[in-house]
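All remarks here apply to the structure that follows.
The values are calculated or read from the model by the stated rules, or taken from the named source; none is laboratory data. Quick caveat, the model's predicted, so the values are computed rather than measured. Heads up, the Cβs are rebuilt from the backbone with ideal geometry, glycines too, and the neighbour counts pull from every protein chain shown. Accessible surface is based on the protein model in full, side chains and every heavy atom, while ligands, DNA and RNA are left aside. Shrake-Rupley method; radii C 1.70, N 1.55, O 1.52, S 1.80 Å.
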Amino acid sequence: MKCFKYCSSFILMMIISMNIYAQKINISADLRARYEMRNGYNTLKPDSASIANFISQRARITIEYNSDKIKLKLSPQNVRVWGDVNINSKNDLNNALHEAYGEAKLTPIFSIQLGRQELSYDNERILGATDWNMQAKSHDALLLKFNIDSSTHKIDIGVAYNAVGESNFKQNYTVNQYKTLQYIWYHGDFNNINLSVLALNNGMPYIKDNKEKVAFSQTLGLNTNYKKEKFNANVEAYVQTGKIATNKVLSYYAQGNLEYQWIDQLKTSIGVAYLSGKSTNDRSSDIKSFNPLYGTNHKFNGFMDYFYVGNHNYSVGLIDINANIFYKLEKVAFKFMPHVFLSGAEMVKNGVEQKKLLGTELDFTVAYQVFNSFSLEAGYSQMFATSSMELLKGGNKDNTNNWFYLTAKFNPTIFKN
């Protein structure tokens, strides 16, 4: 627990110095524990498999310092599954530093931010914090940030370059992620419409002729929202091109969503998403399957994570027809989200084209805000799969495939001057 020991000392030093320098300091905590029952989560349950039960936990402290010229953020965390380390273990490898970055505010509209940080934009389809995962997601990056017209228009330019460590000579990059990343993001507010545009260049390493090379693929697209009174509409679309290793890339993503607020407590929405895929009968080396890259994929395409959460890349793609019913009553909020899944490209078995319908998923969640810094949340999901899903995922569609979770969250503000 050295990380937490050092951070505690850091917190104490900041509090002592606060009175001297009139620093703006905020210290908050995030402790959450989640019980899960997995019985066909992420993939169909095989006949020989049994139900998995476990409790995972995150403990995170976030320290923020702000002044007129600089901002610093430090966020150590410990992520574990209960029982994964012996109770008298000397070496706990579950400690990590989720965020550690600084921002220099050089002018009223321009700042530079660098270090370990979350990259989260719009609805988090392409770049997201992935807060559902206990470890979440953060990047080592440099950002050039422009806030124009009182933040009505924003531009972020991000750059990342990764290495396996310090070295005197070149070493191959062996971590399973990008070696280099560049992007530019623009967001503008126009009366009832807001618009975001993203252009991202993703550099992935590969080995050819015993030498490391980097192939670049590009993701280009936009996200737009229209809101007027009780009605809200969202449309986004992206195209991917370039190369992954020596394979050409050309893939697409589009989604639309309509939402209506009936009363203060009730709103509903309907939507459809299309992620291009590659036919199982296609023998070319071209990549035609859209990849959401570094987004918060648990938010999309069903809570049972059958698609794009560590799986389903370079596959047949997806069509997701979905709805959402949200009802809030004082401290309790209910959500019901049905999904109908179809393959984005054709599936062929023994020369016979299979049905595109993969299955139907029903997601239900309930959240209870006990008081300001403590909440409970529970969810249940059921998958009703078809033979096409069985062909795609394996397992047995006729088994009961379901998932349940129960989460307790503590989010107190420990100190604020």
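Kindly list, by first and then second residue, each pair from a residue in region 89-108 that is touching a residue at least 24 places away in the same chain (Cβ under 8 Å) to a residue that is of a type in the set (Val, Ile, Thr) and outside any strand (DSSP E or B), limited to pairs with Cβ atoms under 9 Å and residues at least 6 apart or on different chains. Listed by first residue and then by second, the contacts come to Asp92/Val85.
Check region 256-271 and report whether any residue there is touching a residue at least 60 places away in the same chain (Cβ under 8 Å) and under 15 Å from Tyr314 (Cα atoms). There is no residue in region 256-271 that is touching a residue at least 60 places away in the same chain (Cβ under 8 Å) and under 15 Å from Tyr314 (Cα atoms).
Of the residues making up region 387-417, those that are in a strand (DSSP E or B) and either open to solvent by 70 Å² or more (accessible area, probe 1.4 Å) or at pLDDT 95 or above (or both) number 13.
Considering Asp47, Asp68, the condition of being within 20 Å of Gly115 (Cα to Cα), assigned to a loop (DSSP other than H, G, I, E, B), out of contact with any Ser or Thr (no Cβ under 9 Å at 6 or more places or on another chain) and open to solvent by 30 Å² or more (accessible area, probe 1.4 Å) is satisfied by Asp68 alone.
Does at least one position in region 335-344 carry a residue that is within 29 Å of Gln57 (Cβ to Cβ) and either among the polar types (S, T, N, Q) or touching a His at 6+ places or on another chain (Cβ under 7 Å) (or both)? No, region 335-344 contains no residue that is within 29 Å of Gln57 (Cβ to Cβ) and either among the polar types (S, T, N, Q) or touching a His at 6+ places or on another chain (Cβ under 7 Å) (or both).
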